[in-house]
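The values are calculated or read from the model by the stated rules, or taken from the named source; none is laboratory data. Not measured: the values here are computed from a predicted model. Cβ coordinates were reconstructed from backbone atoms using ideal geometry, including for glycine residues, and neighbour counts include every protein chain displayed.
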Amino acid sequence: MDSSSLFTPTVRRVIVLSVLLALAGGWLMGRLTAPVLGLEVSFRNVSDVTIESIQLDFGSADTQSSIKAFRIEPGEVRTLALNHGPGMGFNVQVSYSNGRKQEFCALRGDERTQPRLDLRP
């Protein structure tokens, strides 16, 4: 029996697809189980007023960063990734469509890496 007959086009396709599926499955499992670096903070608008913008200011002795997100409708959730350690806290400035503004320091001393904050004016 000649070795080329062992790898017919159908067998080669099955092998290639199996390898691709194994690689895709490994990549997906790695993404799902990888530790979160920094923070992934979810903001939920629990009011009946649209949030026009949220600005987050955070940093350390070496760096300062700012993130701004726009338009979060009532009931909507927006997740923002911060390159900032858990427990360090950050400043939040929320502007609502009715003109109201909120400012507060969030999550100082909180060690969660994926917290959720409910926002209401």
Practice task
Give Ala61, Ala24 a once-over and let me know the one that is more than 14 Å from the chain's Cα centre (by Cα) and surrounded by fewer than 10 Cβ atoms within 10 Å (Cβ to Cβ).
Solution key: Ala61
Exercise for the section: Among what's in the range 91-121 and is hydrophobic (A, V, I, L, M, F, W, C), over 16 Å from the mean Cα position of the chain (by Cα) and closer than 17 Å to Ile51 by Cβ, pick the residue that is surrounded by the fewest Cβ atoms within 10 Å (Cβ to Cβ). Expected result: Phe104
Handout entry: Which numbered condition Gly85 misses (of (1) modelled with pLDDT of 85 or more; (2) exposed (fewer than 13 other Cβ atoms within 10 Å of the Cβ))
Key = (2)
Completion exercise
Of the residues in the range 48-100, those that are touching a Cys at 6+ places or on another chain (Cβ under 8 Å) and either in contact (Cβ under 8 Å) with a residue 60 or more places away in the chain or among the hydrophobic types (A, V, I, L, M, F, W, C) (or both) come to Phe90, Val92
Practice task
Tell me, yes or no, whether the range 103-110 has at least one residue that is under 10 Å from Leu39 (Cβ atoms) and not in a strand (DSSP E or B).
Solution key: yes
Handout entry: Selection count, the range 35-83, where residues are closer than 16 Å to Ser97 by Cα and in contact with a strand residue (DSSP E or B) (Cβ under 9 Å, 6 or more places away or on another chain)
Key = 20
